[in-house]
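Worksheet: the structure to be examined is printed underneath.
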Amino acid sequence: MGRPQGRGKIERFFGTINTEVLAALPGHLGPGSRTPQPALDLPGLDREIGAFITTYNDRTHGELGIPPRDAWVADGRLPRMPETLGELDGRLLTVSKNRVVQREGIHFQGQRFLATTLAPFVGHTITIRYDSRDLSKIRVYDRDTSICTAVDEAHPKAAIEASDGILIISPEYNRSIPVALKNAIGWGSRP
């Protein structure tokens, strides 16, 4: 019989679920019930397990002497939750790496990423998050605080998308805008 690695944390969790949750649910197969009728669907099971986890984290733990939630908060283990769902997606669906900000930007995978808000962070180690399928821009964080979105200098369209706005100053040409500017606006507005 194998021994659990990592002091058996996962095994204990499943043991607790098996003994304290599943055994008490209607339709559980056990010693006194050899042919139970199914009584829960998957959403019902999900609700039952969610309610148990909430109760478990609020009740006094036998070994800790305090509720697990209080122990996590006291040790500083509870992560700071993101403000928005978009920020949560950014943290869960991207890869995270540490980099040092250079005077000429952030160097990563042979590319140079730029943003004007990086100037105060030159020489500091920051965390970047990026989508491995799209390296035209990276999100830059300082200790879980978002600083900016830096864009690869070779992707001007990404720079426009990452900015809050764009100001175009151009001379009037024959009571209209120059053709080159009209083409650039058309190119920039394409999906």
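Key figures for this structure:
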item: In segment 151-184, the residues that are at pLDDT below 80, within 15 Å of residue 115 (Cα to Cα) and in contact with a Leu (Cβ under 7 Å, 6 or more places away or on another chain); result: 153
item: Residue in segment 142-150 that is among the basic types (Lys, Arg), assigned to a helix (DSSP H, G or I) and at pLDDT below 85 present; result: no
item: Residue match in segment 94-102 (condition: assigned by TED's automatic domain parsing to the domain that holds residue 23, touching a Ser or Thr at 6+ places or on another chain (Cβ under 8 Å) and modelled with pLDDT of 85 or more); result: no
item: Selected residue (criterion: modelled with the lowest pLDDT) from residues of segment 77-93 that are aliphatic (A, V, I, L, M) and out of contact with any strand residue (DSSP E or B) (no Cβ under 8 Å at 6 or more places or on another chain); result: 78
item: Helices (runs of 4 or more DSSP H) contained in segment 41-121 and holding at least 1 residues touching a His at 6+ places or on another chain (Cβ under 7 Å); result: 68-75
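The values are calculated or read from the model by the stated rules, or taken from the named source; none is laboratory data. Everything quoted here is computed from the prediction, not taken from an experiment. Glycine gets a Cβ as well: all are built from the backbone with ideal geometry, and neighbour counts include every protein chain shown.
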